[in-house]
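The values are calculated or read from the model by the stated rules, or taken from the named source; none is laboratory data. Bear in mind that the values here come from a model prediction, so they are computed numbers and not experimental data. Here the Cβ positions follow ideal geometry from the backbone for every residue, glycine too, while neighbour counts run over all protein chains shown. Note: areas computed on protein heavy atoms with side chains; ligands, DNA, RNA excluded. Shrake-Rupley method; radii C 1.70, N 1.55, O 1.52, S 1.80 Å.
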Amino acid sequence: MSTPFPAVSFQNVQKSYGDLSALKGVSFDVRPGCFFGLLGPNGAGKSTLINCMSGLVRPTDGQVSIQGQDVIKNYREARRLVGVVPQELIADPFFSIRELLDIQSGYFALRGAAQNRWIDYLLERLALKDKSDALTHELSGGMKRRVLIAMALVHKPQVVVLDEPTAGVDVDLRKTLWDFTKSLHRQGHTIILTTHYLEEAEALCEDVAIMKGGELKALETTDALLCRHQYRYLRVKTMAPVASDALVAPLQSRLEEQDANGFLLRLEKDIAINEVLDWLGQSQVSVQDINSRDATLEEVFLDLTGEAQ
Ligand code: ADP
């Protein structure tokens, strides 16, 4: 599965809809075998970028290639290398799950015993085996989502793209999805994920790209992005509720949240805890406990985009 090419390469990708620039020249590579998070607020251009990979959207300018295959010039080769799980759910009135997977396999001219075994494996891993003869409109939303995943994987694509796969999905199904996605990753597949759940991205993704307004704002390993953040957070638990105007100015200006049990401070990394203890003493706060932690991806995201995910 090793290749000299990036799994995906975006070069100056632009997409305009009339006057609206959905993508303003986006360039980056996704490392082969990476679990990659593509994050950004609504309207950032994530789906447009993903749809440029699958050929659903044609860029106004720039190139997209999958393992060196240009998605427009070498459409067939590129198409074989990528499987995109879209956000929209399906409801096909005529075919069963098994038939849909057979038809999808036919698009890639994949038939025979080995392909049937792969479909059986997908049905098993995605907990769809009992439902393989059901029509899709008889399925719950969570099951429809799993059918979409199976359809995107019928041709064992090297690059698997999941667009908001866990939106509105219950905890059990999330676990099934992540266990399966992690096993694909372990087998060497590149996984590209968009998600609103930043804890998921923080736990799963090795690299993270953050987009906003059709532009790339950051692309780093998740660890580097979290480390580079210039703040850390200090939770101060107090013996009694404290009014914010009782705090000295340096605490007030760093106050992030407050409740009956205490408050959360956002501190520049170079501020010593001693200094904070002095400020707490000057404010006559009775401290019960103090807990310091680094920023979460959610906080880094907010800092870079100014918007909640
Ligand atoms: P995201 O997936 O990050 O939420 P999208 O890629 O869906 O963002 O959208 C980026 C921008 O492009 C948005 O302003 C959206 O309204 C616009 N857009 C997307 N698809 C179309 C389309 N088919 N026609 C017109 N505008 C579109």
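Which residue fluctuates the most in the chain, going by a Gaussian network model with Cα springs under 10 Å, if the choices are L20, L148, L216?
L20
Using the C-alpha atoms of region 1-115, what convex hull volume per residue, in cubic angstrom, is computed? Walk me through the numbers on the way to the answer.
On the way: hull volume 16.8 nm³, N = 115.
Each residue corresponds to 146 Å³ of Cα convex hull volume.
On average, how much area does the Cα convex hull of region 165-253 cover when viewed from any direction, in nm²?
Directional mean of the projected Cα hull area for region 165-253 stands at 10.0 nm².
May I ask for the net charge around Q67, where only other residues with Cβ less than 13 Å from the Cβ of Q67 are counted and Lys, Arg are +1 while Asp, Glu are -1? Intermediate results must be reported in sequence, preceding the final value.
Values: positive: R31, R79, R80; negative: D29, D70, E77.
Once all neighbours under 13 Å are counted, the net charge is 0.
Rule-of-thumb check for the chain: C-alpha Rg over 2.2 N^0.38 Å?
1.21
How much solvent-accessible surface does V13 expose, in Å² to the nearest 10, with a 1.4 Å probe and all protein chains in place?
0 Å²
Which order do M53, M151, M239 take by accessible area at a 1.4 Å probe, largest first?
So, going from the largest accessible area down, we get M239, M151, M53.
In the neighborhood of F180, defined by Cβ-to-Cβ distances under 15 Å, what is the net charge if each Lys or Arg adds +1 and each Asp or Glu adds -1? Spell out each step's value before the answer.
Working: positive: R125, K129, R145, R146, K156, R174, K175, K182, R186; negative: D120, E124, D172, D179, E200.
Residues close to F180 contribute a combined charge of +4.
Tell me what the chain gives for mean residue ellipticity at 222 nm when only DSSP H runs of n ≥ 4 count, each as -39,500 (n - 2.57), the sum divided by the residue total, rounded to 500 deg cm²/dmol.
-10000 deg cm²/dmol
Sort E215, E268 by accessible area with a 1.4 Å probe, largest first. Before the final figure, lay out the partial values.
Values: E215 80, E268 60 Å².
Ranking E215, E268 by accessible area, largest first, yields E215, E268.
Roll a 1.4 Å probe over the protein chains and send me the accessible area per residue for the chain in Å².
On a per-residue basis, 49 Å².
If Y17, Y197 are ordered by their accessible area, calculated over protein heavy atoms with a 1.4 Å probe, which sequence runs from highest to lowest? It would help to have the intermediate numbers written out before the result.
Working: Y17 115, Y197 65 Å².
Sorted by accessible area, descending: Y17, Y197.
Which semi-axis lengths, in whole Å and largest first, follow from the square roots of five times the eigenvalues of the Cα gyration tensor of region 51-115?
Semi-axes from the Cα gyration tensor: 26, 17, 8 Å.
Once the dipole of region 1-132 is set up with Lys and Arg at +1 and Asp and Glu at -1 on Cβ about the Cα centre, which of V85, Q104, P4 lies farthest towards its positive end?
P4
If ligands, DNA and RNA are left out, what is the accessible area of T296 with a 1.4 Å probe, given in Å² to the nearest 10?
50 Å²
Rounded to two decimal places and with Rh computed the Kirkwood way over Cα pairs, what is Rg over Rh for region 230-305? List each step's numbers first, then the result.
On the way: Rg = 12.2 Å, Rh = 12.7 Å.
In region 230-305, Rg relative to Rh is 0.96.
Using protein chains only and a probe of 1.4 angstrom, how many square angstrom of H196 are accessible, to the nearest 10?
60 Å²
Under the rule a/c < 1.5 gives rounded, and otherwise a/b versus b/c splits prolate from oblate, where does region 91-190 land using the Cα gyration tensor?
It comes out oblate by the Cα gyration axes.
Need one word for region 217-264: rounded, prolate or oblate. Basis is the Cα gyration tensor (sqrt eigenvalues a ≥ b ≥ c); a/c below 1.5 gives rounded, then a/b vs b/c decides.
In terms of gyration-tensor shape, prolate.
Just to check I understand the Karplus step: with θ = phi - 60° and J = 6.51 cos²θ - 1.76 cosθ + 1.60, what whole-Hz values come out for region 65-71, glycine and proline as x?
Result, rounded to whole Hz: 10, 10, 6, x, 9, 5, 5.
Going highest first, how would you order 115-121, 286-292 by mean Cβ packing within 10 Å? Numbers along the way, then the final one.
Working: 115-121: 15.6, 286-292: 12.1.
Top of the packing list down: 115-121, 286-292.
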